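This report refers to the structure that appears directly beneath it.
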Amino acid sequence: MAVSFEDLEVGHGVVTHSRTITEADVRNYAGVSGDFNPLHLSEEYTADTPFGEPIAHGALLFGIASGLLWQYRHERPETIAFYGVDSLRFTEPVTMGTTVHAESELIEKEPRDHPVANGVARYETRLVTDEDEVALSCEMLTLVK
């Protein structure tokens, strides 16, 4: 049974399962996006950076957070569409081999007069590493039925 906009409860949260970021994830994302920045792909280049090794693209991490949360859609209302993102920050680098999970909590719901949706749900969202560091934080917004 789908959860309706009216049934949403501010404060409801979800913690997803985890997944490990691999070199293949980063290289595939570089190929799809065209972002071949050596910060993500070159051990030699990154050896002299504060990171010391290649790090994952921030946009890849955002996509992974979104995908992890999508897998928990049964705990969310019937989503019409991703509506936007506010306050996106990449707060810790993620290197290959790091395991991450997503955490998300409904912080606001706003009714809307919209042709296909009943409102907008705003979720405080974090991508957290296996060392309990927040690698990404943002507020995700979805149009909901």
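The values are calculated or read from the model by the stated rules, or taken from the named source; none is laboratory data. Just so we're clear, the structure is a prediction, and the values are computed from it rather than from any experiment. Glycine also receives a Cβ, built like all others from the backbone with ideal geometry; neighbour counts cover every protein chain displayed. Ligands, DNA and RNA are excluded from the accessible area calculation, which covers all protein heavy atoms including side chains. Shrake-Rupley method; radii C 1.70, N 1.55, O 1.52, S 1.80 Å.
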- request: Work out the FRET efficiency for E78 and T22 from their Cβ-Cβ distance, taking R0 = 35 Å, and round it to the nearest 0.05.
  value: 0.60
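Suppose R0 equals 22 Å. What FRET efficiency, 1/(1 + (r/R0)^6) with r the Cβ-Cβ distance, do E131 and A47 give to the nearest 0.05? All intermediate terms of the calculation are to be shown ahead of the outcome.
Numbers: r = 22 Å, r/R0 = 0.99.
The formula returns an efficiency of 0.50 here.
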- line: For the chain, Rg(Cα) over 2.2 N^0.38 Å is 1.16
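Of the peptides 19-26, 63-70, how do they stack up when ordered by the mean number of other Cβ atoms within 10 Å, highest first? Could you put the intermediate results ahead of the total?
Working: 19-26: 15.5, 63-70: 18.2.
Taking the mean over residues of other Cβ atoms within 10 Å, the ranking is 63-70, 19-26.
For the range 18-60, what relative contact order do you get, as a whole percent, if you take Cα pairs closer than 8 Å and at least 6 residues apart? Provide the component values of the computation, followed by the final result.
Numbers: 33 pairs, mean separation 14.4, N = 43.
Across the range 18-60, relative contact order equals 33 percent.
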query: Based on the Cβ-Cβ distance from A59 to K145, what FRET efficiency comes out when R0 is 30 Å, to the nearest 0.05?
result: 0.60
message: Tell me the angle of helix 23-33 to the major Cα principal axis of the chain, expressed in degrees between 0 and 90 and rounded to the nearest ten.
response: 70
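Per 0.36 nm of contour for each residue apart, how much would the distance between F36 and T91 grow if the chain were fully extended, relative to their Cα-Cα spacing?
17.7 nm
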query: Sorted by mean Cβ packing within 10 Å, highest first, what order do the peptides 49-55, 8-14 take?
result: 49-55, 8-14
- line: So the angle from the long Cα axis of helix 58-70 to the longest Cα principal axis of the chain, reported in degrees to the nearest 10, equals 40
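Over the chain, what percent of the accessible surface lies on carbon and sulfur atoms, probe 1.4 Å? Each step should come with its number before you reach the end.
Details: 3950 of 8040 Å².
On the chain, the fraction of accessible area on carbon and sulfur atoms equals 49 percent.
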